[in-house]
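The values are calculated or read from the model by the stated rules, or taken from the named source; none is laboratory data. Predicted model only: the values in this text are computed from it and were never measured. So basically every Cβ, Gly included, is an ideal-geometry build from the backbone, and we count neighbours across all protein chains shown.
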Amino acid sequence: MKADIILGCQWGDEGKGRIVDLYAADYDVVARFGGGDNAGHSIVVGSQELALRIVPSAVMHPGVELFIGGGTVVNPQTLLDELGRLEAIGIDTSRVKISDRAHIVLPHHVMRDAAAERERGSAAIGTTGRGIGPAYVDRVARSGIRFADIGNATLRPFDKLRAGLAQGDKGAQGDKGGQDDREMLEAAGRLAPHVVDGVEYIHERLYDGKRILLEGAQGTLLDVGYGTYPYVTSSHTIAGGACTGLGIGPGSIGRVIGVFKAYCTRVGAGPLPSELHDERGEKLRRQGGEFGTVTGRPRRCGWFDAVAARYAVALNGLTSAIVTKLDVLTGFERVGLVTSYRVGDRSAGFSAAGEPDLQMDVEELPGWSEPISDCRRIADLPATARAYLQRLQEVLKVPIEMVSVGRERSQLAR
Ligand code: IMP
Ligand code: MG
């Protein structure tokens, strides 16, 4: 059996959580492979809304095993809180397992994140402030602490901790920082019943023919290597990150399903070429409820960007696509689509996204005013909505297998 991937193909917040929640019914294991509690996956089930940060978005399926892979950085307190909230609504959390290779986010990482942002001044990235970047820095610097190191006397985690502190900024040092970090390591210790040998865990399940779904976090254009650097997160969010984040080979990957919102959003700073600074952007934000799950920040909004989308199809080797929040475009007289970039008189690819003199060609298609949230078949959508999807299909060149038309679990058209 091969593992399938579902990942975001824009700047995060494409609505992956509810898609993973839906698809999880057909899988035995759902695994996260990167990121940490910078992610905010919300799923709506009836009147309940669950906001998840670290636990994979398949918690509502009691039979599914949930795995937090070695490519992640985990804040133990966030995870303990999340597990507590899930247990409070009757969800069995004993099936949540954490790779021993996953790194631990400590309070000094959070402080270093804030200090680095202050240092950047007007060039601040607008991070989620969760210490994600510094935790990955320590991982690469070989001074991080993994779940494998907890309770392992020979690795002397507290010595490693001091090494990590020494690399931090002034604000992260002193007794307070050290004290908080020790408390956080104790919290990590409380997660011990969930910690497994992450490589054995995933390979046993692949070998046993278990159906495995790999859940991306953030989005393709926030990838540390291929996103809008330096306005990116600190992990590999693209499909390749699933292999390194779980310790599996590319031959073990089956389908790669990309999630695209019907328009673009971005939270934090950095290029968003199709951004609308007028009332249309405001309307997208209002109709789409575009405010961050983690930070509550208003998201920047713009039209669907075909240049960025083609780039994401290529980077991930997508086999199919899902388009979310099509209903948010209802009520626009004309719906725009960025079809190409130009710099001066030359056409340009996505790498030009941050160029100050970037110009774009925007195609405008007729909109629709009828509500579409009750449509369950793509064929039932208004003709103009179908024409818009048809345009996306031409751009993506991979089949669109589903379209979401509302927040509810059932509001999907195929
Ligand atoms: P960091 O991941 O907290 O370091 O933030 C780096 C950039 O990625 C910032 O622009 C964040 O807003 C963005 N980011 C991180 N995680 C997410 C996410 O789950 N959704 C959307 N944006 C995110
Ligand atoms: Mg999110």
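Cβ-Cβ below 6 Å, separation at least six or inter-chain, first residue in region 283-305 and at negative phi, second in a loop (DSSP other than H, G, I, E, B) and away from ligand 1 (no atom under 16 Å from the Cβ): which pairs? Within 6 Å, the pairs are Gly302/Ser274; Gly302/Leu276; Trp303/Ser274; Asp305/Ser274.
Of all residues in region 195-202, none satisfies being acidic (Asp, Glu) and closer than 30 Å to Ile400 by Cβ. Looking across Arg130, Arg120, Arg112, one residue alone is within 12 Å of ligand 1 (Cβ to nearest atom) and farther than 19 Å from Thr295 by Cα. It is Arg120. Can you find, within region 256-275, the residue that is nearest to Gly129 (Cα to Cα) among those that are charged (D, E, K, R) and either within 12 Å of ligand 1 (Cβ to nearest atom) or in the same structural domain as Arg18 (by TED's automatic domain parsing) (or both)? My answer is Arg266. Considering only residues in region 235-289 that are more than 22 Å from Trp368 (Cα to Cα) and hydroxyl-bearing (Ser, Thr, Tyr), the one that is nearest to the chain's Cα centre (by Cα) turns out to be Thr237. Checked against (1) among the β-branched types (Val, Ile, Thr); (2) over 17 Å from the mean Cα position of the chain (by Cα); (3) modelled with pLDDT under 95, Thr293 passes all but a single condition, namely (2). Do we find a residue being at pLDDT 95 or above, away from ligand 1 (no atom under 16 Å from the Cβ) and either not polar (S, T, N, Q) or not assigned by TED's automatic domain parsing to the domain that holds Arg18 (or both) anywhere in region 218-234? No: region 218-234 contains no residue that is at pLDDT 95 or above, away from ligand 1 (no atom under 16 Å from the Cβ) and either not polar (S, T, N, Q) or not assigned by TED's automatic domain parsing to the domain that holds Arg18 (or both).
Here is the figure for region 3-47: residues that are away from ligand 2 (no atom under 16 Å from the Cβ), buried (at least 24 other Cβ atoms within 10 Å of the Cβ) and among the charged types (D, E, K, R) total 0.
Among the residues of region 210-233, those identified as of a type outside the set (Val, Ile, Thr) and within 16 Å of ligand 2 (Cβ to nearest atom) are Glu215, Gly216, Ala217, Gln218, Gly219, Leu221, Leu222, Asp223, Gly227.
Quick grid of which residues meet (1) under 24 Å from Gly288 (Cα atoms); (2) hydrophobic (A, V, I, L, M, F, W, C):
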site	(1), (2)
Phe350	no, yes
Val362	yes, yes
Gly367	yes, no
Cys375	yes, yes
Ala385	yes, yes
Gln390	yes, no
Leu396	yes, yes
Glu401	yes, no
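Starting from residues that are without any contact (Cβ under 8 Å) to a residue 40 or more places away in the chain and more than 15 Å from Pro76 (Cα to Cα), keep the ones in region 48-60 and report whichever is farthest from ligand 2 (Cβ to nearest atom). Per the stated criteria, the residue is Met60.
Matching residues to (1) surrounded by fewer than 13 Cβ atoms within 10 Å (Cβ to Cβ); (2) closer than 22 Å to Ile238 by Cα; (3) under 22 Å from the mean Cα position of the chain (by Cα); (4) more than 16 Å from ligand 1 (Cβ to nearest atom):
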position	(1), (2), (3), (4)
Arg297	no, no, yes, no
Phe304	no, yes, yes, yes
Arg334	yes, no, no, yes
Leu358	no, no, no, yes
Leu381	no, no, no, yes
